[in-house]
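Enquirer: Could you have a look at this structure, given as structure tokens, before my questions?
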């Protein structure tokens, strides 16, 4: 899924093992800018927020600048009270000292088990080694260090142009479980060489997240730790006109959409990433129906069973709380219409074609509720034995 | 789960095989009253309603009387258009003719595969045999004939008293998949020998359903066919004062709660029926949090894994859209407090006791959001491999 990792002028990376994960895998990641840079973040809407989330929000509010993103996996440092808050402060202070920068310029993130205070002393003990490992080429080490139940590291990049100027965006994310269309969805770190004020970065990040990660659903749960950051080194193109902003946001959208799709594909035990696209009279209604279909357990198990089960899809639409005339509804699986005018249209050939579509890893289910043209979608995953195995055994 | 089946004066039962189910199992059930009796029904709120639901609603609206409940399994006759509507009319007419009563007194229900018109001719061919099989002793045949993915038939009964008078209620239900707290939850047939007007029966049935079946959740989906009926033969106690009504409704509540618990226990592949009881400042908030916890996939897989995962529970509460102070929240599994003042309270002994509770088939998780005393609950099931197997393979 990950292409060759693009370099972004002004940023270096590291990822090492610090002993937080008991299996000895990489669990400590760091991204450092050459100088303090403009930064923005969007965070979980969950009422229960982990210590590093609270600290990062506070630091971003204070200055809108950052120089380092410090991430650990293996421990979420959530529901850990005062000792947890202290651990986030102490571990970021240790790394700041090793970097020779102010602690307020380090934004910490954590992911993993909750309820256990972060062992700050393990991070402090490795702070020098972590800083020593920094290089422009180590983005993949960072991507691996932030993984928990992920089956593969997630990166995406895109370029954008204005006349002869070119800019670049790189995104690195983690996320498999606890993914849901309610904001920042797990951890993501987006870097660009563009120059733009923090206020614009925040608005652009929020717009892109709303159109991408907020439409991705694996299991309907949001975590205590979800955070997405955007840092701009300012070494490249100035985003100082409408055209450059549009091009930048198109590229940002691509990067976030790719990361979102990778998350669904990796959705704990998932075999399919399926876009549920709904057309209705209003976007709000379309969104509501797409959400109800995309989170229906009966639909998700039918996706796992590769069963063109239009009945579960129309039944889910029918309970979404949106008025429509079922006798005018249509359902397509890929290009094949399996439901039309309140009735299944399935002959043996259509059924076989729809079933073949459902064997592919990435396809679309389209639902038209009458003649409305307003559109919304949700990218969902199938729910199979893999999901159960991962989630019944993993203590998150 | 089912006790010895109570007889209700004035009702006879039958359950036979008519060839709708391909495996030759019983698929046609009939309950007949000695004469037209007062009747009430509550039906699915799904916008997509099956033909027999439409027909039964129409017939109950016309007269509030019924004499026969005709049920088939193996075919839901939903999303079947005009041919399906005709099949419901024709099959109930055939049984009415065999009974020698008006067709309008027959209330049909169907459950099973959707999108295929009901084979009315199979029911018509067996109408005489079905009527011939009627007896006071055949309630279990009826209970078996209405099963689809159910692992066991579901019946419950209760008596109620006023001085020396006694009344009786018998309930027979089917339901495993597509169970959700949104009304009548699958098919249920409640019979009593009491005497009461249809308007009271409807109000009492709705009150009881709201407190029982609407608080039962297996997978969050509601079907196109959900229907619950209450018929009163009038051969026994008259419900003509507050005391008799209260006693009747207490018994009705017990019957419906038992049927609901049996449904959760049978929840396709479920091993545990777990009551999520939430205390908050208002009942509405308590209900919302109970619903979010009880339908969380991460919580339900943790229940399957017998993992006292307070983290997933508090995280689900945190995204329910209800304001509370996590540092004042408490979580109990059985009698053991696993979360207190924003922190886990789990020592090895508490963890072992909570894990032992989670091995039992029926237990309670209590969540207190601060000092509020308003209360709500949801009975949910675990989500394990059995659920996936049943739902990935079964075409509903």
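The values are calculated or read from the model by the stated rules, or taken from the named source; none is laboratory data. Every value quoted in this text rests on a predicted model; they were computed, and no experiment measured them. Reconstructed Cβ throughout: ideal geometry from the backbone, glycine too, with neighbour counts over all protein chains shown.
Enquirer: Go through A:215, A:207, A:202 for me and flag whichever is more than 14 Å from chain B (Cβ to nearest Cβ) and out of contact with any helix residue (DSSP H, G or I) (no Cβ under 8 Å at 6 or more places or on another chain).
Expert: A:202
Enquirer: In the range B:95-112, which residues are surrounded by fewer than 19 Cβ atoms within 10 Å (Cβ to Cβ) and either modelled with pLDDT under 95 or in contact with a strand residue (DSSP E or B) (Cβ under 7 Å, 6 or more places away or on another chain) (or both)?
Expert: The answer is B:101, and nothing else.
Conditions (1) at the interface with chain B (Cβ under 9 Å from one of its Cβ atoms); (2) modelled with pLDDT under 95; (3) farther than 30 Å from residue A:39 by Cα, marked per residue:
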{"residue": "A:247", "(1), (2), (3)": "no, no, no"}
{"residue": "A:252", "(1), (2), (3)": "no, no, no"}
{"residue": "A:267", "(1), (2), (3)": "no, yes, no"}
{"residue": "A:271", "(1), (2), (3)": "no, yes, yes"}
{"residue": "A:278", "(1), (2), (3)": "no, no, yes"}
{"residue": "A:310", "(1), (2), (3)": "yes, yes, yes"}
{"residue": "A:313", "(1), (2), (3)": "no, yes, yes"}
{"residue": "A:323", "(1), (2), (3)": "yes, yes, yes"}
{"residue": "A:329", "(1), (2), (3)": "yes, yes, yes"}
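Enquirer: Can you tell which of A:68, A:51 is within 14 Å of another protein chain (Cβ to nearest Cβ), touching a residue at least 24 places away in the same chain (Cβ under 8 Å) and under 22 Å from the mean Cα position of the chain (by Cα)? Walk me through it before giving the result.
Expert: Details: A:68 fails: within 14 Å of another protein chain (Cβ to nearest Cβ).
Of A:68, A:51, the one residue that is within 14 Å of another protein chain (Cβ to nearest Cβ), touching a residue at least 24 places away in the same chain (Cβ under 8 Å) and under 22 Å from the mean Cα position of the chain (by Cα) is A:51.
Enquirer: Sticking with this one: For the range B:242-255, give me the residue count where each residue is farther than 23 Å from residue B:172 by Cβ and either under 17 Å from the mean Cα position of the chain (by Cα) or free of Cβ contacts under 8 Å to residues at least 24 places away in the same chain (or both).
Expert: The qualifying residues number 2.
Enquirer: Restricting to the range B:63-94, count the residues that are at pLDDT 95 or above and either under 25 Å from residue B:11 (Cα atoms) or not assigned by TED's automatic domain parsing to the domain that holds residue B:107 (or both).
Expert: Going through the range B:63-94 one residue at a time, the tally reaches 15.
Enquirer: Does residue B:123 satisfy the criteria of being assigned by TED's automatic domain parsing to the domain that holds residue B:22, closer than 19 Å to residue A:313 by Cα and in contact with a helix residue (DSSP H, G or I) (Cβ under 6 Å, 6 or more places away or on another chain)?
Expert: On the way: assigned by TED's automatic domain parsing to the domain that holds residue B:22: yes; closer than 19 Å to residue A:313 by Cα: no; in contact with a helix residue (DSSP H, G or I) (Cβ under 6 Å, 6 or more places away or on another chain): yes.
So residue B:123 does not fit the description; no.
Enquirer: Out of the residues in the range B:76-86 that are surrounded by fewer than 24 Cβ atoms within 10 Å (Cβ to Cβ) and at negative phi, state the one that is nearest to the chain's Cα centre (by Cα). Can you show your working first?
Expert: Taking the range B:76-86 first, the residues surrounded by fewer than 24 Cβ atoms within 10 Å (Cβ to Cβ) are B:81-83, B:85-86.
Still in the running and at negative phi: B:82-83, B:85-86.
Details: B:82: 29, B:83: 28, B:85: 25, B:86: 27 Å.
Among those residues, the one meeting the criterion is B:85.
Enquirer: Do we find that residue A:41 is part of a strand (DSSP E or B), more than 14 Å from chain B (Cβ to nearest Cβ) and more than 26 Å from residue A:199 (Cβ to Cβ) in this structure? If you could, list the steps in order and put the result at the bottom.
Expert: Numbers: part of a strand (DSSP E or B): yes; more than 14 Å from chain B (Cβ to nearest Cβ): yes; more than 26 Å from residue A:199 (Cβ to Cβ): no.
Spelling it out, it is not the case that residue A:41 is part of a strand (DSSP E or B), more than 14 Å from chain B (Cβ to nearest Cβ) and more than 26 Å from residue A:199 (Cβ to Cβ).
Enquirer: Within the range A:56-100, count every residue that is more than 19 Å from residue A:227 (Cα to Cα) and assigned to a helix (DSSP H, G or I). Reasoning before the result, please.
Expert: Within the range A:56-100, the first condition is being more than 19 Å from residue A:227 (Cα to Cα), and the residues that meet it are A:81-83, A:86, A:90, A:93-100.
Still in the running and assigned to a helix (DSSP H, G or I): A:81-83, A:86, A:90, A:93-99.
Here the count works out to 12.
Enquirer: For residue B:68, are the conditions met, namely being within 22 Å of residue A:319 (Cβ to Cβ) and touching a strand residue (DSSP E or B) at 6+ places or on another chain (Cβ under 9 Å)?
Expert: Considered against the rule, which asks whether it is within 22 Å of residue A:319 (Cβ to Cβ) and touching a strand residue (DSSP E or B) at 6+ places or on another chain (Cβ under 9 Å), residue B:68 comes out as no.
Enquirer: Of all residues in the range A:287-312, how many are touching a strand residue (DSSP E or B) at 6+ places or on another chain (Cβ under 7 Å) and assigned to a helix (DSSP H, G or I)?
Expert: At the first step, the residues of the range A:287-312 found to be touching a strand residue (DSSP E or B) at 6+ places or on another chain (Cβ under 7 Å) are A:287, A:289-291, A:293-295, A:300, A:303, A:308, A:310.
Going one step further and asking which of them are assigned to a helix (DSSP H, G or I), we end up with A:287, A:289-291, A:293-295, A:300, A:303, A:310.
Qualifying residue count for the region: 10.
Enquirer: Among the candidates B:221, B:210, B:226, single out the residue that is farther than 17 Å from residue B:189 by Cβ, crowded, with 19+ Cβ neighbours inside 10 Å and modelled with pLDDT under 95. It would help to see each step written out before you state the result.
Expert: Working: B:210 fails: crowded, with 19+ Cβ neighbours inside 10 Å; B:226 fails: farther than 17 Å from residue B:189 by Cβ.
Sole residue among the options that is farther than 17 Å from residue B:189 by Cβ, crowded, with 19+ Cβ neighbours inside 10 Å and modelled with pLDDT under 95: B:221.
Enquirer: Next up: Quick check on the range B:315-340: of everything there that is surrounded by 19 or more Cβ atoms within 10 Å (Cβ to Cβ) and over 23 Å from residue B:353 (Cβ atoms), which residue is farthest from the chain's Cα centre (by Cα)?
Expert: Among those residues, the one meeting the criterion is B:326.
Enquirer: On the basis of being surrounded by fewer than 21 Cβ atoms within 10 Å (Cβ to Cβ) and within 12 Å of chain B (Cβ to nearest Cβ), does residue A:296 make the cut?
Expert: Working: surrounded by fewer than 21 Cβ atoms within 10 Å (Cβ to Cβ): no; within 12 Å of chain B (Cβ to nearest Cβ): yes.
Against the criterion (surrounded by fewer than 21 Cβ atoms within 10 Å (Cβ to Cβ) and within 12 Å of chain B (Cβ to nearest Cβ)), residue A:296 does not qualify.
Enquirer: Let me ask you something else. Residues B:378, B:383: which one is within 12 Å of chain A (Cβ to nearest Cβ) and surrounded by 20 or more Cβ atoms within 10 Å (Cβ to Cβ)?
Expert: On the way: B:378 fails: within 12 Å of chain A (Cβ to nearest Cβ).
B:383 is the lone residue from the list that is within 12 Å of chain A (Cβ to nearest Cβ) and surrounded by 20 or more Cβ atoms within 10 Å (Cβ to Cβ).
Enquirer: Name the one entry in A:188, A:234 that is part of a loop (DSSP other than H, G, I, E, B) and either modelled with pLDDT of 90 or more or crowded, with 24+ Cβ neighbours inside 10 Å (or both). Show your work before the answer.
Expert: Numbers: A:188 fails: part of a loop (DSSP other than H, G, I, E, B).
Sole residue among the options that is part of a loop (DSSP other than H, G, I, E, B) and either modelled with pLDDT of 90 or more or crowded, with 24+ Cβ neighbours inside 10 Å (or both): A:234.
Enquirer: Among residues belonging to the range B:342-372 that are touching a strand residue (DSSP E or B) at 6+ places or on another chain (Cβ under 8 Å), within 13 Å of chain A (Cβ to nearest Cβ) and in a loop (DSSP other than H, G, I, E, B), point out the one that is nearest to residue B:265 (Cα to Cα).
Expert: The residue in question is B:358.
Enquirer: Let me ask you something else. Answer yes if at least one residue in the range B:267-279 is part of a helix (DSSP H, G or I), surrounded by fewer than 24 Cβ atoms within 10 Å (Cβ to Cβ) and in contact (Cβ under 8 Å) with a residue 12 or more places away in the chain, and no otherwise. Write out each step before concluding.
Expert: Just the residues of the range B:267-279 that are part of a helix (DSSP H, G or I), to begin with: none.
No: zero hits.
Enquirer: Next question. Condition test on residue A:170, is it under 16 Å from the mean Cα position of the chain (by Cα), assigned by TED's automatic domain parsing to the domain that holds residue A:62 and part of a strand (DSSP E or B)?
Expert: Numbers: under 16 Å from the mean Cα position of the chain (by Cα): yes; assigned by TED's automatic domain parsing to the domain that holds residue A:62: yes; part of a strand (DSSP E or B): yes.
Taking the combined requirement at face value, the residue satisfies it.
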